[in-house]
Amino acid sequence: MQFLKTVVIKQVLTESKKAELISVLHDEMKQLQRELEQLQFQLHKALRETDSRNEAQVKSRYEHEFTKRKESLSSLGFKYQQLEKLNIGTEIADGQAQAIIELNEGDIWPDQDHSLEMIIRDGRIEQFRESRRSDDGMV
């Protein structure tokens with residue numbers, strides 16, 4: 001009988017993967033900066049077009065958008081700093097997938113504390129392995 005099992009996907013951090021991730025972070029940060037500049041422009045335009053009674057409401061709405069973008073920018077900055085600190089060879093969690101496993105009568109039921117991991121290096125599957133939770137109580 002076939003069953004679905006969750007597979008944890010991990011990427012091995014290589015020089016090329018690190019450069020790729022840094023590039024993606026830079027692109028996302030640039031995009032957020034452009035959005036902030038565009039919002040600033042739109043705010044000035046909206047303030048020119050509105051009367052003084054609605055000015056506070058317009059500012060409030062734009063401030064909310066500014067805050068969201070600035071928080072995202074701060075989060076990306078933190079991720080960048082953490083990525084810079086990581087050593088080459090570090091395994092980075094990169095999501096999950098579902099795998100089909102075959103079980104028959106008499107087979108040992110897969111322990112829920114052990115998950116299947118797929119290790120990827122530079123876009124190629126390097127290894128499948130079963131891992132133990134770090135909180136399994138073993139010394």
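Counting 0.36 nm for each residue step from LEU47 to PHE3 and taking away their Cα separation leaves a gain of 9.9 nm. Between ILE119 and GLN82, the simple label model (points 7 Å from Cα in the Cβ direction) yields a spacing of 2.2 nm. Here the spin labels are modelled as points 7 Å beyond Cα on the Cα-Cβ line, and at HIS26 and LYS59 they lie 3.8 nm apart. Based on the Stokes-Einstein relation at 4 °C and a viscosity of 1.567 mPa s, and on the Kirkwood radius from alpha carbon pairs, the range 1-53 is assigned a translational diffusion coefficient of 83 µm²/s.
The DSSP beta bridges internal to the chain are antiparallel in roughly 75% of cases. Per the Debye formula on identical point scatterers at the alpha carbon atoms of the chain, with no solvent, log10 I(q)/I(0) at q = 0.09, 0.22 Å⁻¹ is -0.53, -1.26. Simple spin-label estimate for GLU130 and ILE108 gives 0.5 nm between the two label positions (7 Å along the Cα-to-Cβ direction from each Cα).
Across the cross-link table entries LYS5/LYS85; LYS30/LYS68; LYS17/LYS79, which are compared at the Cα atoms, the separations over 22 Å belong to LYS5/LYS85. Helical runs assigned H by DSSP (4 residues or longer) give the chain a calculated mean residue ellipticity at 222 nm of -17500 deg cm²/dmol, each run adding -39500 (n - 2.57) before division by the residue total. Taking a quarter of the surface of the Cα convex hull of the range 15-85 gives a mean projected area of 4.7 nm².
Note on LYS18: aspartates and glutamates with a C-alpha under 12 Å away, same-chain residues under 8 apart excluded, are GLU84, GLU91, ASP122.
Read the figures in this text as sums done on the coordinates, not as results from a lab. The structure displayed is predicted, hence computed values, not measured ones. Neighbour counts are summed over all protein chains in view; Cβ atoms, including those assigned to glycine, are modelled from backbone coordinates with ideal geometry.
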